[in-house]
1. Need a quick list: helices (runs of 4 or more DSSP H) entirely within region 15-93 having at least 2 residues that are of a type in the set (Val, Ile, Thr) and open to solvent by 60 Å² or more (accessible area, probe 1.4 Å).
2. Which of the residues spanning region 118-165 are in contact (Cβ under 8 Å) with a residue 12 or more places away in the chain, within 14 Å of ligand 2 (Cβ to nearest atom), assigned to a loop (DSSP other than H, G, I, E, B) and over 30 Å from Ala22 (Cβ atoms)?
3. Of all residues being closer than 20 Å to Thr46 by Cα and within 11 Å of ligand 2 (Cβ to nearest atom) in region 166-175, which is most open to solvent (accessible area, probe 1.4 Å)? Just the residue, please.
4. Looking at Asn187, Asn183, can you tell me which residue is within 19 Å of the chain's Cα centre (by Cα), within 14 Å of ligand 1 (Cβ to nearest atom) and buried (at least 21 other Cβ atoms within 10 Å of the Cβ)?
5. Within region 59-111, can you find the residues that are within 15 Å of ligand 2 (Cβ to nearest atom), under 18 Å from the mean Cα position of the chain (by Cα) and of a type in the set (S, T, N, Q)?
Amino acid sequence: MVTIGYSRAFTYTMIGGLVWSAWALVRSPPPLFDAVFLLVLCLVATDLISGLLHVILDNPRSLDIPAIRGLAEGFQRHHENPARIYEMPLYEHLYVMHMLLTILFVAALAARDGRALVVFVSMVLALHIMQMGHLWSHVPPARVPRAVRALQAAGVLLSKPQHDQHHTAPFDRHFCIMTGMCNAPLNVAVGVIGRTTHWWIAIFLVAAASPLAVAMLMARLHAR
Ligand SMILES: [Zn+2]
Ligand SMILES: [Zn+2]
């Protein structure tokens, strides 16, 4: 069984992907409406995707799946020691996303359409906002930048009181860690199908693939 490994190589590939995408998008830009629509879709979908991934990785049954055991252990240790998220080096907190983003870049390249590259660039932005949103919801408020506190108060970023509701045993609610806007519907869904079913993996994969799928659909409709 393959175990997910992380390295700086993914960070370099992701940065190379950003440079490539910028060059390709300047040379051959997609329609502005399509680009803005996909950017907004990625930002909104990422809050839901963050919650779905969190449900999977908080599931004790995920510890039995070798490919995601390391990630699941990390998430479940986070409940025991929440302060570590801001005590560890920032790069260590962010670079776990870079392998997923490298995979997305390869998929976007294969799609051979500027809209797919917009999705890649938007997801780089969104996943970093997600990681920082989660981190800032744990940092003692006095140490959070004033502008971030204003965004938290406005509901644009996950607030500490909202995320504190997740950090209460049995850790079965409020899984979204970016804006928190998808927490209410996800809480209902978790209540209905339970948090330990492996169906969440299938639901996550569909949600994670959806921005790229929408971009491809738009490209196909445009080509007609
Ligand atoms: Zn959790
Ligand atoms: Zn947390």
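The values are calculated or read from the model by the stated rules, or taken from the named source; none is laboratory data. This structure is a prediction, so every number in the text was calculated from the model and none was measured. Heads up, the Cβs are rebuilt from the backbone with ideal geometry, glycines too, and the neighbour counts pull from every protein chain shown. Remember, those area values only see protein heavy atoms, side chains included, never the ligands or the DNA or RNA. Shrake-Rupley method; radii C 1.70, N 1.55, O 1.52, S 1.80 Å.
1. Once the helices (runs of 4 or more DSSP H) in region 15-93 are filtered for at least 2 residues that are of a type in the set (Val, Ile, Thr) and open to solvent by 60 Å² or more (accessible area, probe 1.4 Å), what remains is 32-58.
2. Once the filter is applied, which keeps residues that are in contact (Cβ under 8 Å) with a residue 12 or more places away in the chain, within 14 Å of ligand 2 (Cβ to nearest atom), assigned to a loop (DSSP other than H, G, I, E, B) and over 30 Å from Ala22 (Cβ atoms), region 118-165 yields Ser137, His138, Val139, Ser159.
3. Only one residue tops the list, namely His174.
4. Asn183
5. Gln76 - this is the single residue of region 59-111 that is within 15 Å of ligand 2 (Cβ to nearest atom), under 18 Å from the mean Cα position of the chain (by Cα) and of a type in the set (S, T, N, Q).
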